[in-house]
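Here is the structure we will look at, set down as structure tokens.
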Amino acid sequence: MDLVNKFLNGLRASLSTEELEELNTASGATQEDITTLRSKYPNCPESLIGLLENIDGTYWRKYGDKEITVCILGSDVGEGRYPYYLLSTQQMLESSKNEEDVSYLLEYEDEEDAVDSKINREGLLPGKYIHFSDCMNNGGTSRLYIDFNPTDEGVRGQIVRFLHDPDEYVVIANSFDEYLQGLVDSGFVFLNEEE
């Protein structure tokens, strides 16, 4: 898990003192939750498992009597400066039960580019994706997924980013490892408060 350790070390060095104190109250997922995630998603990336073994979510996540909300992830939105929360294992399992419909975007000719050709036009189907992250706007504006059911142009395990208004689904990395490495390579730019 060199990549996860590199990510966590860089993350901790980039967080503000207040955010770091908050994150330090977090603990890893239970072995039972990890086993459940693995059984429901046999292709779940080991790097996501490694991350969850260290931090079981940062999105309104209670650890003991303390609730934390620390953004520790990013995407391509706003030149990479838009921060995201990591969902807990339980939140991932619960929020990945439903279909993420993309068909409404395909009904309009000018919206054809709103769904990346690497993403299955049937949408993100239950059991075929993991919703692992919501943006700082409580997920209403943007969410991140691991997609296990791509088109022939895509790659199993690709990272899909949803963005609202105008709605679009775009592949931002070919794997969770590539996604994490991109955050490290960006110098955790999503944590910089200056615009």
From the list Asp147, Asp152, Asp177, Asp185, which residue is open to solvent by less than 30 Å² (accessible area, probe 1.4 Å), modelled with pLDDT of 95 or more and of a type in the set (Asp, Glu)? Asp147
Of the conditions (1) outside any loop (DSSP other than H, G, I, E, B); (2) open to solvent by less than 10 Å² (accessible area, probe 1.4 Å); (3) not acidic (Asp, Glu), the single one that Gln90 does not satisfy is (2)
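Is it the case that region 67-77 has a residue that's in a helix (DSSP H, G or I), free of Cβ contacts under 8 Å to residues at least 60 places away in the same chain and either open to solvent by 60 Å² or more (accessible area, probe 1.4 Å) or within 23 Å of Val155 (Cα to Cα) (or both)? Full working, then the answer.
Applying the first criterion (in a helix (DSSP H, G or I)) to region 67-77 yields none.
Among the residues of region 67-77, not one is in a helix (DSSP H, G or I), free of Cβ contacts under 8 Å to residues at least 60 places away in the same chain and either open to solvent by 60 Å² or more (accessible area, probe 1.4 Å) or within 23 Å of Val155 (Cα to Cα) (or both), which makes the answer no.
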Name the one entry in Gly123, Gly140, Gly154 that is in contact (Cβ under 8 Å) with a residue 12 or more places away in the chain and either in contact with a Lys or Arg (Cβ under 8 Å, 6 or more places away or on another chain) or among the aliphatic types (A, V, I, L, M) (or both). Gly154
Could you list, in sequence order, the residues of region 155-174 that are part of a loop (DSSP other than H, G, I, E, B) and either of a type in the set (Val, Ile, Thr) or modelled with pLDDT of 95 or more (or both)? Val155, Arg156, Gly157, Asn174
So Gln91, is it under 13 Å from the mean Cα position of the chain (by Cα) and either within 24 Å of Ile49 (Cα to Cα) or acidic (Asp, Glu) (or both): yes
Just one listed residue, out of Asn138, Asn149, Asn120, is in a loop (DSSP other than H, G, I, E, B) and in contact with a Pro (Cβ under 7 Å, 6 or more places away or on another chain), and it is Asn120
So is Leu105 part of a helix (DSSP H, G or I), at pLDDT below 95, touching a helix residue (DSSP H, G or I) at 6+ places or on another chain (Cβ under 8 Å) and crowded, with 18+ Cβ neighbours inside 10 Å or not? yes
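The values are calculated or read from the model by the stated rules, or taken from the named source; none is laboratory data. Here the structure is a predicted model, which means the values were calculated and not measured. Virtual Cβ from ideal backbone geometry, glycine too; neighbours counted across all protein chains shown. These area figures cover heavy atoms from the full protein model, side chains too; ligands, DNA and RNA do not enter into them. Shrake-Rupley method; radii C 1.70, N 1.55, O 1.52, S 1.80 Å.
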